[in-house]
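The values are calculated or read from the model by the stated rules, or taken from the named source; none is laboratory data. What you are looking at is a predicted structure, and each value in this text was computed from that prediction instead of being measured. Using ideal geometry, Cβ is built from the backbone for each residue, glycine included, and neighbour counts are taken over all protein chains shown.
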Amino acid sequence: MSADPSDEFAQWYAGSYARIHRAVTLSVGDAGLAEEATAEAFARALLNWRTVRAADRPDAWVYRVALNEVRSRFRRHRLEQRWISRQQSHPQPPPPEPETVLWQAVAQLAPRARTAIALRYIADLPESEVAAAMGITRGTAAATLHKARARLTELLAPSGLDERTMS
């Protein structure tokens, strides 16, 4: 193989992809799922190329990652199906649509503030979960929500609504 790691990977990929894809397809019995899992495995191999190329059998590493990806997707699918069946057996009414004026005011917020407001008041998540979902600290989530509510108060003041109706 050549000295340039990206050339090395490209050569290995070109020589290995078809064989690995065929094996994964045969293993899982679904060409589309095998395509996605194989692509994901090769993407991870590229990200970890230094480690993968040092392995005795880089192809085996990719097979393992692809098959683990398939297993993960099957698990997620089973969980989704269980959740769907529980939701169908206990239907919940949809949340009420926000008032048009409020919706228009929220649309005027910065994207991060809009997301925080949606997660807090539409998805009904506590601040800690808003922070986790947005990948920010709880303090940042609290500050973002505070600023967003203040801005909404300004935007909604002429309509007679205020921050107390938001909490």
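Pairing residues of region 128-151 that are under 13 Å from Arg112 (Cβ atoms) and in contact (Cβ under 8 Å) with a residue 24 or more places away in the chain with residues that are in a loop (DSSP other than H, G, I, E, B) and of a type outside the set (Val, Ile, Thr), at Cβ distances under 7 Å and at least 6 apart in sequence or on separate chains, gives Ala148/Leu109; Arg151/Leu109.
Consider region 1-42 and keep the residues that are within 22 Å of Ser72 (Cβ to Cβ) and surrounded by fewer than 11 Cβ atoms within 10 Å (Cβ to Cβ). The one that is modelled with the highest pLDDT is Gly32.
Restricting attention to region 134-144, does a residue exist that is assigned to a helix (DSSP H, G or I), at pLDDT 90 or above and β-branched (Val, Ile, Thr)?
Yes, that holds for at least one residue.
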